[in-house]
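**Student:** There's a structure below that I have some questions on.
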Amino acid sequence: MGQSEFADEKLGSNHVEHVASEGQTLDSLDTIEQTQTGRYSWLVSITAAIGGMLFGYDTGIISAVLVYIGRDLGHTLSSNEKELITSVTSGAAFFGAIFAGATADKFGRKPAIYVGCVLFILGAILQAASFGLAQMTVGRLVVGFGVGSAAMIVPMYIAEVSPAKYRGRMIGLDNMSITGGQLVSYGIGAGFAKVAGGWRYMVGGGAIPAIILCCLLPFCPESPRQLIYHGKADQARVVIRSIYPHATDLQVDQKVQHITIHVQESKDLTAGKSQWWVLKQLYVIPGNFRALVCACGLMAISQLGGFNSLMYYSSTLFALVGFSNPVAVGTIIAGTNFFFTWVNLMLVDRIGRRRILLCTMQFMGLFLVVAAVAFHWIPVNHDLSLKAGTKVGPPAIIVLVSMVCYVGFYSSGMGNTAWLSSEFFPMEVRAMGTMMLTMTCWGSNVIVASTFLSQMENTTPSGAFGFYAAICILGWVAVWWCYPEVKGMTLEDIREVFAQPSFRGCVRRAREIQKEVKSHGMHAHVDPDTKLAVHV
């Protein structure tokens with residue numbers, strides 16, 4: 001590096017430090033957030049949220065496929081083979097998320113979304129054309145890579161093209177799209193239930209949202225942060241003008257400067273450091289590690305508590321208890337999930353993350369216990385077949401009602417809140433923290449998807465659901481002890497919360513900050529980045 005280049009870099013760094021040290025000056029560069037926004041950012045966010053359907057549709061459709069695939073792969077699938085073609089997608093998504101997280105800064109957000117779409121289309125074709133277990137497994141593997149990439153990138157992309165005051169709701173569009181995709185998949189599964197080879201149409205139809213997204217994505221811009229990160233400030237200015245159509249030219253220029261400051265600060269913090277070094281900071285710095293444990297711990301509980309076993313195997317489960325059209329019955333579960341996800345989005349910023357978790361998690365455990373007790377009265381063979389002559393009776397109805405209640409409390413509680421925990425991470429490790437959060441999701445997902453049917457066989461359905469109930473109840477205790485409330489806090493406040501010497505101290509400090517805000521009538525400035533962990 002020449003002397004002039006070094007001087008310029010040093011000057012830029014000093015400028016960032018000067019402006020960042022003046023909180024009021026930095027805030028004054030962001031007055032554009034107070035202007036009226038148009039439809040552009042909503043249309044872009046809705047378009048990107050189609051990516052959420054890739055995950056949602058795949059999660060829901062495999063439930064119907066397992067019921068109707070029969071001997072079309074050459075033989076009747078065993079429980080272990082069903083677990084294989086279900087869990088291999090989650091396993092591939094685990095690595096797809098790592099790939100997307102490692103390349104998103106270098107190549108931008110949109111290329112990673114394109115890659116996810118292409119992989120999903122190829123995977124859907126491979127599945128629909130499968131006549132053997134090996135090809136079906138490969139198709140599920142390819143789909144998994146695409147799902148993992150989309151699940152990692154889409155929320156980050158939406159966060160970076162959203163106005164701060166609508167960012168929470170716009171990110172919520174992705175979660176709504178996931179649950180909406182699950183609901184659509186159950187409807188399609190029920191519609192093709194009586195069609196010969198209908199499962200092929202089910203999995204092949206998964207390519208449709210990916211094709212739609214590929215066609216619409218060229219009309220969406222790259223995120224302004226990524227454009228500035230790669231030295232394309234003029235293009236970023238055009239995008240910002242589209243997002244804030246009523247802003248003045250000065251406000252647009254100030255917004256570019258504001259983003260540039262954050263981008264430069266991020267570069268300075270990690271300059272000359274490898275991604276491995278940044279990842280280690282999550283573990284060697286106590287405050288970062290406490291944030292990691294709280295965020296990833298809640299994510300693990302949200303997956304290991306049994307919800308995804310229900311989404312993957314609900315049709316199998318309801319066929320087990322005697323319902324003649326299990327996919328149609330499973331649609332009730334998907335509809336409940338969709339509705340209560342919306343309820344969470346409306347309440348979580350008003351009630352708070354911690355409170356909504358403490359008001360829902362224990363009821364998840366309660367209704368799982370009810371289902372476990374009801375299964376005791378349903379005559380199920382060791383191979384998960386129903387004993388001859390058994391009809392739908394009160395125990396089966398109780399199982400259905402308890403599952404609907406369980407899903408309602410899950411979706412209105414930690415189903416969406418677990419993803420908001422990414423705001424715990426400081427800016428310099430937020431990208432790696434988000435990657436770890438996503439890896440925790442898919443890693444736990446693999447465990448559940450690959451063991452559910454075997455666990456049902458070996459411990460009986462009552463034992464399996466009792467196990468999930470115990471995780472939910474113990475999770476409630478862990479949240480009460482460790483999980484702080486950060487509603488409305490600034491990034492600096494959240495950093496201070498996790499700087500306390502213990503998890504319980506973090507909870508107490510969070511309460512103190514909340515009381516200070518309330519007693520002094522202060523309105524904390526919510527850093528747009530804390531709505532979701534994004535690269536800046």
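The values are calculated or read from the model by the stated rules, or taken from the named source; none is laboratory data. The structure displayed is predicted, hence computed values, not measured ones. No Cβ is skipped: glycine too gets one built from the backbone with ideal geometry, and neighbour counts run over all protein chains shown. Side chains included, ligands, DNA and RNA excluded: accessible areas come from the protein's heavy atoms. Shrake-Rupley method; radii C 1.70, N 1.55, O 1.52, S 1.80 Å.
**Student:** Dipole magnitude of the stretch 35-106 about its Cα centre, charges +1 at Lys/Arg Cβ and -1 at Asp/Glu Cβ only, in debye to the nearest 20?
**Tutor:** Working: 4 positive and 5 negative charges, 42 e Å.
Dipole size: approximately 200 debye.
**Student:** Scaled to the compact-protein estimate 2.2 N^0.38 Å, what is the alpha-carbon radius of gyration of the stretch 34-220, rounded to two decimal places? List each step's numbers first, then the result.
**Tutor:** Numbers: Rg = 17.0 Å, N = 187, 2.2 N^0.38 = 16.1 Å.
Cα Rg divided by the expected 2.2 N^0.38 Å: 1.06.
**Student:** I've got another one for you. Modelled label-to-label distance, K267 and Y166, 7 Å Cα→beta-carbon offset: nm?
**Tutor:** Here the answer is 3.0 nm between the modelled labels.
**Student:** At a Förster radius of 35 Å, what calculated FRET efficiency corresponds to the Cβ-Cβ distance of F107 and L133, to the nearest 0.05?
**Tutor:** Numbers: r = 35 Å, r/R0 = 1.00.
So the FRET efficiency works out to roughly 0.50.
**Student:** Rolling a 1.4 angstrom probe over the protein heavy atoms, how many square angstrom per residue are accessible across the stretch 236-299? Don't skip to the answer; put the middle values down first.
**Tutor:** Details: 2970 Å² over 64 residues.
On a per-residue basis, the stretch 236-299 sits at 46 Å².
**Student:** Also, quick follow-up: Can you tell me the order of 62-70, 186-194 when each peptide is scored by its average per-residue count of other Cβ atoms within 10 angstrom, highest first? Show your work: numbers first, answer last.
**Tutor:** On the way: 62-70: 23.1, 186-194: 19.6.
Result, highest mean first: 62-70, 186-194.
**Student:** Which length gain, in nm to one decimal place, applies between F339 and V404 when the Cα-Cα distance is subtracted from 0.36 nm times their residue separation? Present the calculation step by step, with values, prior to reporting the outcome.
**Tutor:** Values: separation 65, 0.36 × 65 = 23.40 nm, distance 1.15 nm.
Stretched fully, the F339-V404 segment lengthens by 22.2 nm.
**Student:** If you find the alpha carbon centre of the stretch 204-226 and of the stretch 393-462, how far apart are they in angstrom?
**Tutor:** Result: 27 Å between the Cα centres.
**Student:** What is the packing order of peptides 299-307, 357-365, taking the mean over residues of other C-beta atoms within 10 Å and listing the highest first?
**Tutor:** Result, highest mean first: 299-307, 357-365.
**Student:** Another question, if that's okay. Taking the mean number of other Cβ atoms within 10 Å as a proxy for protection, how do you rank 413-423, 217-227 from highest to lowest? Before the final figure, lay out the partial values.
**Tutor:** Working: 413-423: 24.9, 217-227: 19.8.
Going by the mean number of other Cβ atoms within 10 Å, highest first, we get 413-423, 217-227.
**Student:** Where the only charges are on Cβ atoms (+1 Lys, Arg; -1 Asp, Glu), what is the dipole of the stretch 83-239 about its Cα centre, to the nearest 20 debye? Intermediate results must be reported in sequence, preceding the final value.
**Tutor:** Values: 12 positive and 6 negative charges, 52 e Å.
With Lys and Arg at +1 and Asp and Glu at -1, about 240 debye.
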